[in-house]
Amino acid sequence: MKKNSAILLIGIVALAVLVGFFVYPKNFGANTRPWRLGLDLVGGTHLVYEVDMANVTGADRDSVLNGLRDVIEKRVNLFGVSEPQVFIAKGADSYRLVVELAGIKDVSEAIKLIGETPLLTFAEVEYEKPKEGTATTSAAVEPKFFPLDLSGRHVSGAQLNFDQLTGKPEVSISFNDEGAKLFEDMTAKNVGKPIAIFLDGVLIEMPTVQEKISGGRAQITGRFTVQEAKQLVERFNAGALPAPVKLVSQQTIGASLGTDSLKRTLYAGLVGTLAVMLFMLLYYRMLGVYATLALTIYIALTLGVFKLFGITMTLSGVAGFILSIGMAVDANVLIFERSKEEMRKGLSRMSALDEGFSRAWLSIRDSNVSTMLTAVILYYATTGFVKGFALTLLIGVLMSMFSAITVTRTILRVFTRNQESNKA
């Protein structure tokens, strides 16, 4: 048992040292897995788009907003922008999408990256029959369009194909499950009739439905070139927006304020952590040494998780991590105080620590679970920087529970048993 605990402790310390080199900004981890920093730390572009919901029913607005966010995220990701943040900001009568592109200082470039905002819509077509006795003119047979529920948010993808007989380019579109059902109903209802397809309000094609089409796939053929067909495919794959958007605000954010704030935050966190360690050493003596070692390992491993999983570090994220350090210390304090109570009852040091850990664990678990629930609610109910705070706090608390269960307990088992063996 003692040998296994010693091996486990050596493994944990070795892992923490390796992770320490990995997370240090100037070591090998800088190239293999650089830190992902948010807009407030590296600067970048802040764009706000107003979403026109005039033609969207109230029940569909949340779905449309989520679709828009996914579309813009997909579009930005296609260009490899570092850590884009796209989130929804809803007001009383306002629906906005906020796009933050860290590292992109040129606003024009950022707008270009997001690109045009194609709005794909489908419509039924009807031709008015000319009145009896009137001459048949082009105006008399002008088609009328009746918009359908099927729109860009139902498109799941597109690809370029070539007609095997004519060699002409054609665009194949696939729909999601909801879109497939709407498309099937639409084609069943309009066999022998044309269906109009609009992109940004411009009629791009009006094919005639030959038969009911099931399976959620359709072909768009027309008089476009290969290049035009490729552009159409790119637009569809980037996502045809389910509602029009308009850029209402653009701003370039410098990194100087964030960098200065980061330095102050890290300095405050370092001083606070050292002060806590000093208190633990003075108050708990040898147990304080164990707590300091456990806290150091906790910090290294948690930073390693942040970096390994690509968590974007913002000022609020750093704040969440520093708060979790305090909770990790709380766990050690609870364990030590419970252990001291057991020693005052006359138990041996090792038995008192085991009993103290068992008694403290329930309090640690309940406290951390309530904090994690709060973090989860914050993560899903908020956006932007608060979300980053909630995520780092959640990961930090999870890691502090791991630290209390594994690291602190292993350290106590190894060193306390060694002390008792030496006394014996």
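Filter the stretch 145-168 down to the residues that are within 17 Å of residue 183 (Cα to Cα) and under 37 Å from the mean Cα position of the chain (by Cα) and list them by number. Matches in the stretch 145-168: 147, 148, 149, 150, 151, 152, 153, 154, 155, 156, 157, 158.
Residues are listed down the side, and each one gets a yes or a no for (1) at pLDDT 75 or above; (2) assigned to a loop (DSSP other than H, G, I, E, B); (3) out of contact with any Asp or Glu (no Cβ under 8 Å at 6 or more places or on another chain); (4) not hydroxyl-bearing (Ser, Thr, Tyr):
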position	(1), (2), (3), (4)
88	yes, no, yes, yes
96	yes, no, no, yes
116	no, yes, no, yes
134	no, yes, yes, no
139	no, yes, yes, yes
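Going residue by residue through the stretch 225-239, is there one that turns out to be open to solvent by less than 70 Å² (accessible area, probe 1.4 Å), at pLDDT 80 or above and of a type outside the set (Val, Ile, Thr)?
In the first step, residues of the stretch 225-239 are kept if they are open to solvent by less than 70 Å² (accessible area, probe 1.4 Å); the result is 226, 229, 232-233, 235-239.
From what's left, at pLDDT 80 or above: 226.
Narrowing further to those that are of a type outside the set (Val, Ile, Thr): none.
Checking the stretch 225-239: not a single residue is open to solvent by less than 70 Å² (accessible area, probe 1.4 Å), at pLDDT 80 or above and of a type outside the set (Val, Ile, Thr).
Report yes if residue 148 is assigned to a strand (DSSP E or B), at pLDDT 75 or above and crowded, with 17+ Cβ neighbours inside 10 Å, otherwise no. Spelling it out, residue 148 is indeed assigned to a strand (DSSP E or B), at pLDDT 75 or above and crowded, with 17+ Cβ neighbours inside 10 Å.
Quick one: is residue 174 open to solvent by less than 50 Å² (accessible area, probe 1.4 Å), of a type in the set (Ser, Thr, Tyr) and at pLDDT below 80? Write out each step before concluding.
Numbers: open to solvent by less than 50 Å² (accessible area, probe 1.4 Å): yes; of a type in the set (Ser, Thr, Tyr): yes; at pLDDT below 80: no.
Spelling it out, it is not the case that residue 174 is open to solvent by less than 50 Å² (accessible area, probe 1.4 Å), of a type in the set (Ser, Thr, Tyr) and at pLDDT below 80.
Taking the stretch 1-23 as the range and being closer than 23 Å to residue 306 by Cα and open to solvent by less than 60 Å² (accessible area, probe 1.4 Å) as the test, the residues that pass are 9, 11, 12, 13, 14, 16, 19, 20, 22, 23.
If you go through the stretch 360-407 and keep only what is at pLDDT 90 or above, more than 29 Å from residue 41 (Cα to Cα) and among the hydrophobic types (A, V, I, L, M, F, W, C), you end up with just 369. Residue under question is residue 278, and the condition is that it be free of Cβ contacts under 8 Å to residues at least 12 places away in the same chain, of a type outside the set (Gly, Ala, Ser) and within 26 Å of residue 263 (Cα to Cα); does it hold? So residue 278 passes the test.
Return yes or no: is residue 190 polar (S, T, N, Q) and either open to solvent by less than 20 Å² (accessible area, probe 1.4 Å) or at pLDDT 85 or above (or both)? Even if it seems obvious, please write down each step before you answer.
Numbers: polar (S, T, N, Q): yes; either open to solvent by less than 20 Å² (accessible area, probe 1.4 Å) or at pLDDT 85 or above (or both): yes.
Considered against the rule, which asks whether it is polar (S, T, N, Q) and either open to solvent by less than 20 Å² (accessible area, probe 1.4 Å) or at pLDDT 85 or above (or both), residue 190 comes out as yes.
Quick check: anything in the stretch 207-219 under 12 Å from residue 120 (Cα atoms) and either among the basic types (Lys, Arg) or modelled with pLDDT under 75 (or both)? Break it down into steps so the answer makes sense when it comes.
Residues of the stretch 207-219 under 12 Å from residue 120 (Cα atoms): none.
No: the stretch 207-219 contains no residue that is under 12 Å from residue 120 (Cα atoms) and either among the basic types (Lys, Arg) or modelled with pLDDT under 75 (or both).
The set of residues from the stretch 296-332 being of a type in the set (A, V, I, L, M) and free of Cβ contacts under 8 Å to residues at least 40 places away in the same chain comprises just one member, 299. Close contacts from the stretch 85-109, counting a first residue that is more than 18 Å from residue 245 (Cα to Cα) and a second that is hydrophobic (A, V, I, L, M, F, W, C) and open to solvent by 30 Å² or more (accessible area, probe 1.4 Å), with Cβ to Cβ under 7 Å and a gap of 6+ residues or different chains, come to 102/37; 102/42; 103/42. Only one of the listed residues (165, 160) is more than 19 Å from residue 124 (Cα to Cα) and open to solvent by 90 Å² or more (accessible area, probe 1.4 Å). That residue is 165. Condition test on residue 32, is it under 30 Å from residue 148 (Cα atoms), modelled with pLDDT under 80 and among the hydroxyl-bearing types (Ser, Thr, Tyr)? Against the criterion (under 30 Å from residue 148 (Cα atoms), modelled with pLDDT under 80 and among the hydroxyl-bearing types (Ser, Thr, Tyr)), residue 32 does not qualify. Only one entry in 322, 335 is out of contact with any Lys or Arg (no Cβ under 7 Å at 6 or more places or on another chain), open to solvent by 40 Å² or more (accessible area, probe 1.4 Å) and among the β-branched types (Val, Ile, Thr), namely 322.
Give me a count of the residues in the stretch 280-302 that are open to solvent by 40 Å² or more (accessible area, probe 1.4 Å) and part of a helix (DSSP H, G or I).
Filtering the stretch 280-302 down to residues open to solvent by 40 Å² or more (accessible area, probe 1.4 Å) leaves 281-283, 285-286, 289, 293, 296.
Now restrict to residues that are part of a helix (DSSP H, G or I): 281-283, 286, 289, 293, 296.
Going through the stretch 280-302 one residue at a time, the tally reaches 7.
For the stretch 359-378, enumerate the residues that are more than 28 Å from residue 341 (Cβ to Cβ) and either in contact with a Pro (Cβ under 8 Å, 6 or more places away or on another chain) or open to solvent by 70 Å² or more (accessible area, probe 1.4 Å) (or both). Break it down into steps so the answer makes sense when it comes.
Step one: of the stretch 359-378, the residues more than 28 Å from residue 341 (Cβ to Cβ) are 373-378.
Passing the criteria: 373, 374, 377.
Hey, any hits in the stretch 349-358 for a residue that's under 19 Å from residue 399 (Cα atoms) and open to solvent by 50 Å² or more (accessible area, probe 1.4 Å)? Yes.
The values are calculated or read from the model by the stated rules, or taken from the named source; none is laboratory data. Not measured: the values here are computed from a predicted model. With ideal geometry, Cβ positions are generated from the backbone for all residues, glycine too; neighbour counts draw on all protein chains shown. Side chains included, ligands, DNA and RNA excluded: accessible areas come from the protein's heavy atoms. Shrake-Rupley method; radii C 1.70, N 1.55, O 1.52, S 1.80 Å.
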